[in-house]
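Participant: First, the structure itself, so that you have it in front of you.
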Amino acid sequence: MNQPSNSIIDLRDVSFTYSIGTRPALSHINLAIAPGQICGVVGRAGAGKSTLCALCAGFIPNFYEGTFSGAATIDGQDVVQRAVAELVRHVGLVGSNAFSQISGARFTVSEEIGFGLENIGLPREEIIERIEWALGALHMSELRDRSPYALSGGQQQRLVLAATLAMRPPVLVLDEPTAQLDPPTIESLAELLRDLSRQGTTILFAEHRLEWAATLAERIVVLDTGELIADGPAAEVLTEPILLERQIGWPRPAILANAARDAGLWPGTRPLPIAVDGLVAGLRETGSASERLAPTPSTAAAPSVTPATSQAPIIEISNVRFSYPSGVEALKGISLTIGKGERIALLGRNGAGKSTLLRHLNGLLLPSAGQVLVAGTDTRKTTVARCARHVGIVFQDIRNQLFARTVRDELRFGPRNLGYSTAETEQKVDRALDALGLTDFANIHPYDLPPALRRLVAIAAVAALESTVLILDEPTAGLDNPSIERLNNLAANLAAQNRTMVVVSHDLDFCFEALDRVIVMKDGQVILDSNWDRLDHNARTIIADTVELPLALAADEALAAPEQSAIGQLLTHTAQTLTPLHAQPTTRA
Amino acid sequence: MQSSYSPGISLLHRLHPLTKLAAVALLLVLLYILPGEWGSLLLFAFVLILAFTAGVAGSLLRTVLRVILPLAFSLFLIQGILFPPADATPIPLGPITLTREGLLFAYITSARLLAMSAIVLLLLRTTHPADLVYALTQRGLPRSIGYILLVTLQIIPDMSARATAILEAQRSRGLETQRGFLRFRGLVPLISPLVVGALVDVEERAMALESRAYTAPGPKTSLRQLFDSPAQRVVRVLLLLSILALIAWRIAQYFM
C-alpha cells in the first residue's frame with residue numbers, strides 16, 4: 001500500500017468543476033473514510049452529492065470532464081492516474097436510475113449479474129457461485145431466468161445492486177439507492193448494506209430520505225452548494241441547526257421530539273432522536289409522569305379538515321371491474337366518490353390495482369363493467385384529452401412526459417392542447433411555475449436540471465392544465481425536502497381553491513403530512529377508506545399490514561398505552577402541521 | 001429478435017451456431033442456383049421438414065406466411081399487370097389484363113422470398129441470439145459490434161412499452177389522439193421523449209458499462225458455452241467447400 005493513512009476513501013482539498021458548469025460542483029472537500037464504515041451524504045438537490053459519488057467511484061476526472069484539483073485515492077488507487085476500468089476492482093457504483101444501468105448485453109437476470117465478472121475474466125465456476133450468492137442476497141432467485149427488461153423498476157434496482165455486489169468491491173458507492181424502491185425493499189436494502197459493512201465493505205451513499213439515512217449511516221456528511229458544511233456521527237449531524245437553516249431538514253423523529261420538547265414533553269437533557277425507537281423511548285420517559293401531560297389539550301387540537309363525504313363529487317366510480325386482455329382481473333368491483341377539494345392518498349402494494357384504477361380516472365382505461373363519471377360524463381362517451389380539463393395525471397416515469405426545449409415550453413403544452421388562448425396559457429404557466437418554485441428556471445432545458453427539479457417540472461406541466469383533479473403517481477421519488485415542501489403547499493393551495501389532489505405513493509410520511517383521506521387497495525379491492533385523523537387501532541393495523549404506517553402513527557402505536565394518548569395526539573397533530581423543514585431550532589432548556 | 005428464438009433441445013438447437021450459419025449460407029446459394037420454377041419450393045419443403053424435427057414448424061410457417069402472403073399478393077398484381085416486355089403473352093381477366101411472363105416472374109420472386117425467409121427464420125428460431133453473437137465474436141467479430149447487436153435486440157421490445165407509456169402521459173395532458181389522425185404537431189411530444197430519453201440513457205449506460213469492467217484489459221470469461229465437435233468442424237468445412245464449388249461452377253458456366 002502506498003497510502004500513508006488507513007482510510008480507504010481519502011479526499012484532500014478536492015475541487016471539481018464540470019466542463020459545462022459555471023461554478024464548482026465540489027469545492028475544497030476533505031473526506032477520509034475508514035474501511036467498513038457506512039457514510040451517508042445528504043444535501044439539497046444540486047448540492048453536489050452525485051458528483052461526490054461519481055468522484056468516489058472513480059468517474060471523476062477520467063469519465064466526466066472538467067477541472068479537477070486536489071488529491072483523491074480510493075482503496076489505495078489514485079483516481080486521477082487510474083482508468084475507470086482499472087478502478088472497478090476497487091469500487092462499485094450504483095445509481096438511482098436502474099433502467100439505464102442494465103448492460104443490455106445479457107438476456108436473463110442471472111447472466112446480467114455475471115456480465116461484469118465475465119469481463120474481469122473470473123473462472124466460470126466462481127462466476128456461477130457468485131451469481132447464486134447475489135441472487136440469494138437480493139431475494140431474486142425466482143427471477144433468475146427473466147429478461148432484465150421484463151422486471152419492475154424496483155426489481156431492476158435490485159438487479160443492478162446484485163450485479164455490482166457480485167463484483168465484491170471493497171468500496172460500494174450508492175447514489176440515491178431508494179428512489180425507486182417500495183418500503184419493504186428499502187428496509188431489506190438497509191439490512192443488506194449493514195451486513196456488507198460488517199463483512200468489511202465500505203459504503204458511501206447519497207440520500208434524500210433522511211430517516212433512512214439516519215437508520216443506516218454511522219457517519220453523515222452534509223453538502224451544500226458543493227461545500228462540506230458538516231461531518232460527524234449521524235445522531236449529532238442530523239440534528240444540527242445548520243441543516244434547517246440550509247433547507248435540508250431533519251429526520252422526522254427529531255422534528256417530532258423537538259415539538260414535544262417545546263410542549264414540555266421531552267426530557268430536558270435527552271438529545272433529539274433520529275430514529276423512531278429513540279423517539280418512543282424519550283416520550284415514554286416523560287409519559288410516565290402523567291401530570292405533565294395535563295397542560296396540552298390546546299396542542300392536541302381537533303382535526304382541521306372537513307370530512308370527505310361533504311364535498312361535491314367530481315369523479316364517481318361505481319362497481320368498476322377491469323380485466324386485462326391477459327385475463328388478469330385487476331379491479332374487482334370498486335365504488336368510490338372523489339369530491340372537490342379533497343386531498344387523497346391511494347395506498348397499496350405493487351400489483352394491488354392502484355395504477356389500473358388511476359388510468360380509469362381519465363379514461364385511459366375503460367371499465368369492463370360498471371362506470372366512471374368524470375364531471376358527470378361517462379368516460380366511455382368522451383376522450384382522454386377532453387377528460388384532461390377535469391383530471392390531469394403525472395405518471396411516475398417522467399422521462400415519458402418531458403419533451404420541450406425549455407421548462408416554459410413544457411408547461412405550455414397542456415393548456416394549449418385544451419384550447420386556451422395565448423394570454424390564458426401564459427397566465428396558467430406562470431401560476432404553475434410559481435406554485436412549484438420554478439420561475440427562475442423557466443428558460444432552462446428540463447434535462448439540465450437536477451432530477452428532483454426535473455420531477456417538479458413534470459408536475460408543474462400537468463398542474464398548468466388547472467384541472468379540477470391533479471393525480472400524482474409517486475411524486476416524491478428522488479425529491480429533496482424543499483421540493484417535497486412545495487408539493488405539500490401545492491396540495492394545500494389546491495384544496496383552498498376547492499380542487500382535488502390524489503396521490504399514489506409509497507412515501508407514507510408525505511401522504512400523512514400533506515393529505516387527509518386515505519384509501520387502501522388490496523387485490524383489486526378497496527379495503528379501507530377513511531381519514532388519517534379518524535383511524536382507530538384496527539384501521540392502523542390494516543395500513544401497517546398492507547404498506548407501512550407513517551412514522552408519527554407508528555410511534556403513536558408504540559406508545560399506545562391509554563394514559564399517553566395526549567402524546568399520541570400531539571405527535572400526530574405535529575406531524576400533520578410540521579414538515580421536516582418547519583421545525584425551528586428553538587431555545588433549548 | 002429475442003422473441004423469435006424458441007427454446008428446445010432438438011439436434012438443430014444443439015448444433016454449433018457456425019455450423020448452422022454455414023448451412024444457411026449454402027441453402028441461400030442453392031436458392032439462386034437451382035431453377036426458380038421448382039428449386040425454391042423444394043428448398044422450402046426441405047426447411048419445413050427440418051423445422052418439423054426441431055418442433056418449430058407450426059410457428060415458423062405462421063410467421064413466414066404472415067410476412068410473405070401480402071407481399072406475394074401485391075407482387076402478382078403489380079407484376080402481372082405491369083411487366084414491361086411489349087410482346088408478353090396477355091391473359092385477359094375481366095377488366096384487367098395480366099401477362100404470362102409477369103405472373104411467372106411474380107411466382108419465382110415470391111417463392112424465393114418464401115424459401116429465403118424460412119431458411120433465415122429457422123436459424124433464428126433454433127439459435128439463441130446471444131450464442132450466435134458469441135460464436136461470431138469468437139471468430140473475430142469486434143465485441144463492440146456484438147454488443148450493439150445484442151442491445152438492439154433487447155431494447156426493441158422495451159421501446160414499444162415506452163411508446164405506450166408516452167402516449168398515456170401526453171394524452172393525460174390533453175393531447176387529442178382519438179379523433180381523426182394525429183396532426184404533425186402532435187407527433188413531436190410523442191417522439192421526442194423517446195429520443196431525448198435514449199440520448200440521456202447513453203451517458204448512464206456508458207457509466208454502467210465502465211462499472212461492469214466492460215473496457216477492462218485482460219482475458220474474459222464466457223458464461224455461455226458452445227458445444228462444438230470434430231464432426232461439426234468437418235461438416236462446416238464441407239459446407240464451405242460446397243459453397244465455393246457451386247459458385248465456381250456457376251461462374252464457369254458463363255465461359256462454356
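The values are calculated or read from the model by the stated rules, or taken from the named source; none is laboratory data. Every value quoted in this text rests on a predicted model; they were computed, and no experiment measured them. As a convention, Cβ positions derive from the backbone with ideal geometry for all residues, glycine included, and neighbour counts pool all protein chains shown. Just so you know, the surface numbers come from the protein's heavy atoms only, side chains and all, with ligands and any DNA or RNA stripped out. Shrake-Rupley method; radii C 1.70, N 1.55, O 1.52, S 1.80 Å.
Participant: Kindly provide log₁₀ I(q)/I(0) values, in the same order as q = 0.23 Å⁻¹, from the Debye equation applied to equal alpha-carbon scatterers of the range A:488-547.
Facilitator: -1.00
Participant: Here is a further query. Tell me the trypsin sites (Lys or Arg not before Pro) within the range B:101-160 that lie in a loop according to DSSP and have at most 10 other beta-carbon atoms within 10 Å.
Facilitator: Of the trypsin sites (Lys or Arg not before Pro), the ones in loops of the range B:101-160 whose Cβ has at most 10 other Cβ atoms within 10 Å are B:ARG139.
Participant: Across the range B:180-256, how large is the tail of the calculated P(r) beyond 21 Å, expressed as a percent of all Cα pairs?
Facilitator: 70 percent
Participant: Let me know the mean shielding of A:392-405 by other chains, meaning the per-residue number of their Cβ atoms within 10 Å of its Cβ.
Facilitator: Per residue, the average neighbour count from other chains is 6.
Participant: How much net charge surrounds A:ALA105 when only other residues with a Cβ under 13 Å from its Cβ are counted (Lys, Arg +1; Asp, Glu -1)?
Facilitator: Around A:ALA105, the charge tally is +3.
Participant: In square nanometres, what is one fourth of the surface area of the convex hull spanned by the alpha carbons of the range A:396-452?
Facilitator: The directionally averaged projection comes out at 4.1 nm².
Participant: Further question on the same structure: Regarding the range A:350-432, what's the average projected area of the Cα-atom convex hull, expressed in nm²?
Facilitator: One quarter of the hull surface, i.e. the mean projection, equals 6.9 nm².
Participant: Let a ≥ b ≥ c be the square roots of the eigenvalues of the Cα gyration tensor of the range A:8-128; is it rounded (a/c under 1.5), or, if not, prolate (a/b larger than b/c) or oblate?
Facilitator: prolate
Participant: Counting other C-beta atoms within 10 Å, and keeping those with at most 16, which DSSP coil chymotrypsin sites (Phe, Trp or Tyr not before Pro) do you find in the range B:5-101?
Facilitator: Listed in order of number, the matching sites are B:TRP38.
Participant: Let me ask something else about it. Exactly which chymotrypsin sites (Phe, Trp or Tyr not before Pro) in the range A:26-102 are in a DSSP loop and have at most 10 other Cβ atoms within 10 Å?
Facilitator: Loop-located and lightly packed - none at all.
Participant: Show that you can apply the helix-only estimate: for chain A, add -39,500 (n - 2.57) for every DSSP H stretch of four or more residues, divide by all residues, and state [θ] at 222 nm to the nearest 500.
Facilitator: Dividing the helical sum by the residues of chain A leaves -10500 deg cm²/dmol.
Participant: Taking the Cα centre of the protein assembly as shown as origin, sum charge times position over the Cβ atoms of Lys and Arg (+1) and Asp and Glu (-1), and report the length of that vector in debye to the nearest 20.
Facilitator: 2920 debye
Participant: Further, regarding this structure: Find the percent of Cα-Cα distances in the protein assembly as shown that exceed 37 Å, and round it to a whole number.
Facilitator: 54 percent
Participant: Just check chain B against the gyration tensor rule for me: Cα atoms, a ≥ b ≥ c as the square roots of the eigenvalues, rounded for a/c under 1.5, and otherwise prolate or oblate depending on whether a/b exceeds b/c.
Facilitator: Cα axes put chain B in the oblate bin.
Participant: Of A:MET140, B:MET207, B:MET159, which has the most accessible area and how do the rest follow, probe 1.4 Å?
Facilitator: B:MET159, B:MET207, A:MET140
Participant: log₁₀ I(q)/I(0) of the range A:365-522 at q = 0.08, 0.10, 0.13 Å⁻¹, via Debye over equal Cα point scatterers, no solvent, to two decimals?
Facilitator: One equal scatterer on each Cα of the range A:365-522 leads to -0.23, -0.36, -0.61.
Participant: Per-residue counts of other Cβ atoms within 10 Å, averaged by peptide: what ranking do you get for A:390-396, A:20-26, highest first?
Facilitator: In descending order of packing, they fall as A:390-396, A:20-26.
Participant: Along the charge dipole of the protein assembly as shown, Cβ charges K/R +1 and D/E -1, which of A:ALA162, A:GLY116, A:PRO251 sits furthest on the positive end?
Facilitator: Farthest towards the positive end: A:GLY116.
Participant: Hey, got the Cα dimensions of the range A:79-145 along the principal axes, in Å, largest first?
Facilitator: Over the range A:79-145, Cα extents along the principal axes are 42, 30, 22 Å.
Participant: Would you mind computing, in nm to one decimal, how far apart the modelled labels at B:PHE52 and B:ILE191 are, each placed 7 Å from Cα along Cα→Cβ?
Facilitator: 4.7 nm
Participant: Taking R0 as 25 Å, what's the FRET efficiency between B:SER10 and B:LEU241 from their Cβ-Cβ distance, rounded to 0.05?
Facilitator: Efficiency, from the Cβ-Cβ distance: 0.45.
Participant: Turning to a different aspect of this structure: In a GNM of chain B with a 10 Å cut-off on Cα contacts, which of B:LEU65, B:LEU77, B:LEU43 has the highest mean-square fluctuation?
Facilitator: Residue with maximal mean-square fluctuation among B:LEU65, B:LEU77, B:LEU43: B:LEU77.
Participant: What does the charge add up to near A:GLU329, with Lys and Arg as +1, Asp and Glu as -1, over the other residues with Cβ less than 14 Å from its Cβ?
Facilitator: +2
Participant: Please list, in order along the range A:90-95, the HN-Hα scalar couplings obtained from phi with the Karplus expression 6.51 cos²θ - 1.76 cosθ + 1.60 (θ = phi - 60°), rounded to whole Hz, x for Gly and Pro.
Facilitator: Here the 3J(HN,Hα) series is 10, 8, x, 10, 10, x Hz.
Participant: Further, regarding this structure: Taking the Cα centre of the range B:140-211 as the origin and placing charges on Cβ (Lys, Arg +1; Asp, Glu -1), which of B:THR177, B:VAL202, B:LEU187 is farthest toward the positive end of the dipole?
Facilitator: Towards the positive end, the residue furthest out is B:THR177.
Participant: Once you place label points 7 Å from the Cα toward the Cβ at B:THR177 and B:MET256, how far apart are they in nm?
Facilitator: A separation of 6.1 nm, rounded to one decimal place.
Participant: Based on the Cα atoms of the range A:446-554, what semi-axes does the equivalent ellipsoid have, where each is the square root of 5 times one gyration tensor eigenvalue, given in whole Å with the largest first?
Facilitator: Largest first, the range A:446-554 gives 26, 16, 13 Å.
Participant: Next question. Can you pull the mean other chain C-beta count within 10 Å for peptide A:381-390?
Facilitator: Partner Cβ neighbours, averaged per residue: 4.
Participant: Would you tally the net charge around A:ALA235, using a Cβ to Cβ cut-off of less than 14 Å, leaving A:ALA235 out, and scoring K and R as +1, D and E as -1?
Facilitator: With Lys, Arg at +1 and Asp, Glu at -1, the net is -4.
Participant: What FRET efficiency would be calculated for the residue pair A:LEU366, B:SER160, taking the C-beta separation as r and a Förster radius of 22 Å, to the nearest 0.05?
Facilitator: 0.55
Participant: To continue, here is another question. Would you work out if the range A:141-183 is rounded, prolate or oblate? Take a ≥ b ≥ c from the square roots of the eigenvalues of the alpha-carbon gyration tensor; rounded if a/c is under 1.5, else prolate when a/b is larger than b/c, oblate otherwise.
Facilitator: oblate
Participant: Obtain the nm distance between the two label points defined at A:THR377 and A:GLU125 by a simple spin-label model: each point lies 7 Å from its Cα along the Cα-to-C-beta direction.
Facilitator: 7.0 nm
Participant: For A:GLN81 and A:SER141 in the same chain, what is the full-extension length gain: residue separation times 0.36 nm, less their Cα-Cα distance, in nm?
Facilitator: 17.7 nm
Participant: Suppose accessible area is computed on protein heavy atoms with a 1.4 Å probe; arrange B:LYS220, B:LYS20 from highest to lowest.
Facilitator: Descending order: B:LYS220, B:LYS20.
Participant: Quick one: of the DSSP bridges fully inside chain A, what percent are antiparallel, nearest 5?
Facilitator: 55 percent
Participant: Sticking with this one: For the range B:140-211, report the % of Cα-Cα distances exceeding 15 Å.
Facilitator: The share of Cα pairs beyond 15 Å in the range B:140-211 comes to 66 percent.
Participant: Next up: Place a +1 charge on the Cβ of each Lys and Arg in the range A:118-260 and a -1 charge on the Cβ of each Asp and Glu, then give the dipole magnitude about the Cα centre in debye, rounded to the nearest 20.
Facilitator: 200 debye
Participant: Evaluate Rg over Rh across the range B:1-86, taking Cα atoms for both radii and Kirkwood's formula for Rh.
Facilitator: Rounded to two decimals, Rg/Rh equals 1.06.
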